[in-house]
Amino acid sequence: MLGETLNQPMIFLNLLIFGFLSGIVFDALNFFWLLCGKNKVIKHFLDALGTMVVGIVFFLVVYMTNYGEIRLFEIVVFALMFFLERKTLSKLFDKVIGSCYNLFIKLTKRKKDDKISS
């Protein structure tokens with residue numbers, strides 16, 4: 001029992017980090033959705049894929065750090081960090097990804113216009 005108690009700060013830290021990274025996974029999936037032309041079917045598929053990835057990541061982190069014992073504080077910490085990332089940094093990622101996407105569209109349109117005029 002003492003070993004499990006001593007590992008709780010490390011478990012807490014790992015769940016904070018991986019909860020944050022799981023939020024970034026959803027931001028990346030939103031970028032792929034943007035590239036696919038905002039198709040609703042693809043959005044639902046990417047959301048399901050992201051949910052599966054986040055669930056697998058959560059259970060792997062719990063398995064590797066806590067030998068598969070799921071406790072309430074682990075779920076709360078992971079979910080809290082996930083939602084915190086989604087509410088704060090998600091907007092920043094959306095702006096960066098949107099500006100990169102717009103730049104990409106402008107560059108491809110310019111190349112296409114140059115080929116047509118040549």
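Data table
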{"item": "Among LYS40, LYS106, LYS95: highest mean-square fluctuation, GNM of the chain, C-alpha pairs under 10 Å", "result": "LYS106"}
{"item": "Sparsely packed GluC sites (Glu not before Pro) within the range 22-118, loop by DSSP, other Cβ within 10 Å at most 13", "result": "GLU69"}
{"item": "Extension gain from LEU84 to LEU103, taking 0.36 nm per residue of separation minus the Cα-Cα distance", "result": "4.0 nm"}
{"item": "Pairs from LYS43/LYS87; LYS40/LYS87; LYS87/LYS109; LYS43/LYS109; LYS87/LYS111; LYS38/LYS87 whose Cα-Cα separation, in the structure shown, is over 27 Å", "result": "LYS87/LYS109; LYS87/LYS111"}
{"item": "ARG71-ALA28 pseudo-label distance in nm [points 7 Å out on the Cα-to-Cβ vector]", "result": "3.0 nm"}
{"item": "The range 11-23 - phi-based ³J(HN,Hα) in whole Hz, Karplus 6.51/-1.76/1.60, Gly and Pro as x", "result": "4, 4, 5, 4, 5, 4, 5, 6, x, 5, 5, 5, x"}
{"item": "The chain: most fluctuating residue of LEU13, LEU107, LEU29 per GNM, C-alpha cutoff 10 Å", "result": "LEU107"}
{"item": "Fully extended contour minus Cα-Cα distance, from PHE59 to LYS111, at 0.36 nm per residue", "result": "14.1 nm"}
{"item": "Per-residue Cβ neighbour rank within 10 angstrom, fewest leading, SER99, SER22", "result": "SER99, SER22"}
{"item": "Angle in degrees between helix 89-117 and the longest Cα principal axis of the chain, rounded to the nearest 10", "result": "20 degrees"}
{"item": "Helix-only CD estimate at 222 nm, as mean residue ellipticity for the chain, using -39500 (n - 2.57) per DSSP H run (n ≥ 4)", "result": "-31000 deg cm²/dmol"}
{"item": "The range 2-90, Rg to Rh (Cα coordinates; Rh as Kirkwood inverse mean 1/r)", "result": "1.07"}
{"item": "Difference of contour (0.36 nm per residue) and Cα-Cα distance, LEU49 to LEU13", "result": "10.4 nm"}
{"item": "Likely footprinting exposure, VAL96, VAL57, fewest C-beta neighbours within 10 Å first", "result": "VAL96, VAL57"}
{"item": "Low-density loop cleavage sites - chymotrypsin sites (Phe, Trp or Tyr not before Pro) in the range 34-73, where at most 13 other Cβ are within 10 Å (DSSP)", "result": "TYR67"}
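Every number in this text was worked out from the coordinates using simple rules, so none of it is lab data. Please read these numbers as outputs of a predicted model, since none were measured by experiment. Note that each Cβ is placed from the backbone with ideal geometry, even for glycine, and that neighbours are counted across all protein chains shown.
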